[in-house]
Amino acid sequence: MSQQNVEVVRRGIEAWNRRDGELWLSYATPEIEWIPAGPAAVERSVYRGHAEAASGFESVWQAWEEFRFEESEVRNLDGSVLWLGRVKMRGTASHVALDQEFALHFVLRDGKFVTVRAFVAWHEALANVGLEA
């Protein structure tokens with residue numbers, strides 16, 4: 001199941017990069033908890049359930065005309081997946097461009113996201129899951 005979890009995470013990242021919130025949510029349980037970080041935390045610090053997550057996606061995508069994840073490494077953990085990479089963003093109004101380290105920790109149950117927590121630095125994500133940088 002763990003390799004399947006990695007593939008679900010990669011499909012979720014692809015859906016995000018295409019701005020396909022409906023597809024992303026198809027990989028999530030109804031009680032999904034999404035905890036964005038940094039520039040993705042536009043409206044609130046935690047989104048619970050499909051409706052809140054969908055609203056949060058729209059807010060992020062309105063604020064950022066570009067918001068793309070680029071994978072560097074994926075760590076398959078027991079019941080979860082740690083995605084390490086970069087995020088490339090450009091503000092819709094400001095056109096300010098950012099290219100920074102980013103990490104996502106996905107907790108899955110039965111092949112679906114239960115919790116997705118974002119981190120603006122790899123060392124924070126690694127520490128959060130009990131690993132060293």
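Read-outs throughout are calculated quantities, based only on the coordinates presented, and are distinct from any laboratory measurement. The model shown is predicted, which means the values in this text are computed figures rather than measured ones. So basically every Cβ, Gly included, is an ideal-geometry build from the backbone, and we count neighbours across all protein chains shown.
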Between residue 69 and residue 46, take the C-beta separation as r, use R0 = 25 Å, and let me know the FRET efficiency to the nearest 0.05. 0.80
Sketch the reach of a paramagnetic label on residue 2 as a point 7 Å from Cα along Cα-to-Cβ, and name the residues of segment 109-132 whose backbone nitrogen lies under 19 Å away. 109-115, 126-132
Please report, in debye to the nearest 20, how large the charge dipole of segment 90-133 is about its Cα centre when each Lys and Arg carries +1 at its beta carbon and each Asp and Glu carries -1 there. 240
Describe numerically, in nm with one decimal, the distance between label points set 7 Å from Cα along Cα→Cβ at residue 62 and at residue 20. 2.4
Debye sum, Cα scatterers, segment 1-123, no solvent: what log₁₀ I/I(0) at q = 0.18 1/Å? -0.91
Using the Kirkwood formula on the Cα atoms of segment 1-69, what hydrodynamic radius do you get, in angstrom to one decimal? 12.4
With each pseudo-label sitting 7 Å past Cα toward Cβ, what's the residue 123-residue 110 distance in nm, one decimal? 4.0
Would you give the gap between the C-alpha center of segment 85-133 and the C-alpha center of segment 1-61, rounded to a whole Å? 11
Placing +1 on the Cβ of each Lys and Arg and -1 on the Cβ of each Asp and Glu in segment 20-76, which of 64, 24, 37 has its Cα farthest towards the positive end of the resulting dipole? 37
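When ranked by the protection proxy of mean other Cβ atoms within 10 Å per residue, highest first, what sequence do the peptides 99-105, 8-14 form?
Descending mean neighbour count gives 99-105, 8-14.
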